[in-house]
1. Pop out the carbon and sulfur fraction of the accessible area of region 251-319 as a percent, whole number, probe 1.4 Å.
2. In terms of modelled amide H atoms, which long-range or inter-chain residues lie less than 5 Å from the amide H of Val147?
3. Holding the Cα-Cα limit at 28 Å, pick out from Lys280/Lys303; Lys121/Lys280; Lys194/Lys286 the pairs that are longer than that.
4. With r as the distance between the Cβ atoms of Lys302 and Lys197 and R0 = 35 Å, compute the FRET efficiency 1/(1 + (r/R0)^6) and round to 0.05.
5. In whole percent, what relative contact order does region 3-72 give with Cα contacts below 8 Å and a gap of six or more residues?
6. Going by Cα centres, region 107-161 and region 20-66 are how many Å apart?
7. If you plug each phi of region 171-188 into the Karplus form 6.51 cos²θ - 1.76 cosθ + 1.60 with θ = phi - 60°, what whole-Hz ³J(HN,Hα) values come out, in order, with x for Gly and Pro?
8. What FRET efficiency comes out for the pair Ile171/Thr3, r = Cβ-Cβ distance, R0 = 41 Å, nearest 0.05?
Amino acid sequence: MDTAEVILSVLVVVIIIVSLLSNVLVLICFLYNPEIRKQVPGLFNLNLTFCNLLLTVSNMPLTLAGLVSKAQPGGDGFCQIVGFLETFLSTNSMLSMAALSIDRWIAVVFPLRYHSKMRHKDAAFVLGYTWAHSMSFSTVATSLSWVGYHRLYASCTLSNPRASSRTQFVIFTVFFHSFTFLLSFIVLCVTYLKVLKVARFHCKRIDVITMQTLVLLVDIHPSVRQRCLEEQKRRRQRASRKISTFIGTFMLCFAPYVITRIVELFPAVPINPHWGIVSKCLTYSKAACDPFVYSLLRHQYKKTCTDIINRLLKRSSLNASGRRHENQGNSIPTAE
């Protein structure tokens, strides 16, 4: 292995560890807090977490094995199963992010009608579509033997070694990425830009009220006035930063891989083998950052994590105290 392959191997290991720990933590919070389970976005987060966890334990280690050994991990049948899972889980993850953006759009643009427009059965219907969409593309690819070990990405994924069906594979690949990556990206942009527009409108109204209040309070201390103006600026930047994070991480992690898969359809264009692994690592990194982007950095999840840690520390301190008292009781001599 050369230096680049060693670095990529270490990167895959780090992604596996971070993805596994963060997604398990999201799952623990979901099971621990009943309020999170009651919320409709919790179902979309649960589905996204499930896809990320399964991708972490099934595909990432095999990509690491293929990168280290430079050979296909397992037989052809096993590789087809893994490739089916990779296609299904990556598609389901993208559509789950689009579903979360739709949920946020309804909550912000139609706040008074949110509970009637986005109920648990509506969320279940959306999740049913994501599963059917993902299952259809992955099933077609597997049934046509378009899934196998791809040396460029050192993983079991979409691959067509036969020249006889090249045209059909090209059409399928373009169709697949158009209705997964491109569709999800368009939904993310449309919904979150509308959310940003509404958020800026509300911030503007709040700013007007705040400035009117500051004008009336002529005796207000300059430091207080400055803090109010700074809070206005932070409020405007906060909404833009969140939207940029949602769309930016999606593009940064998925776009290089999708573009590489499209460029790969043109045999005349050479692709660096190290770049293929890098683009694959970027898609895997989305599974590691999703828990932070959509869950763990939110106040409700932070509070749940704090409650879990405090409960564990309290239980451990009580157990230690109980053992100490028990040892003291055993050390007291008995009169005979």
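The values are calculated or read from the model by the stated rules, or taken from the named source; none is laboratory data. What you are looking at is a predicted structure, and each value in this text was computed from that prediction instead of being measured. Positions of Cβ are generated from backbone atoms using ideal geometry, with glycine treated the same way; all protein chains shown enter the neighbour counts. Each accessible area value is taken on the protein alone, full model and side chains, heavy atoms only, with ligands, DNA and RNA left out. Shrake-Rupley method; radii C 1.70, N 1.55, O 1.52, S 1.80 Å.
1. Reported share for carbon and sulfur atoms: 72 percent.
2. The list, which skips near neighbours in sequence, is Ser159.
3. Lys280/Lys303; Lys121/Lys280
4. E(calc), rounded to 0.05, equals 0.80.
5. 45
6. 16
7. 4, 4, 4, 5, 4, 4, 6, 5, 9, 10, 5, 5, 4, 5, 5, 5, 4, 4
8. Calculated value: 0.55.
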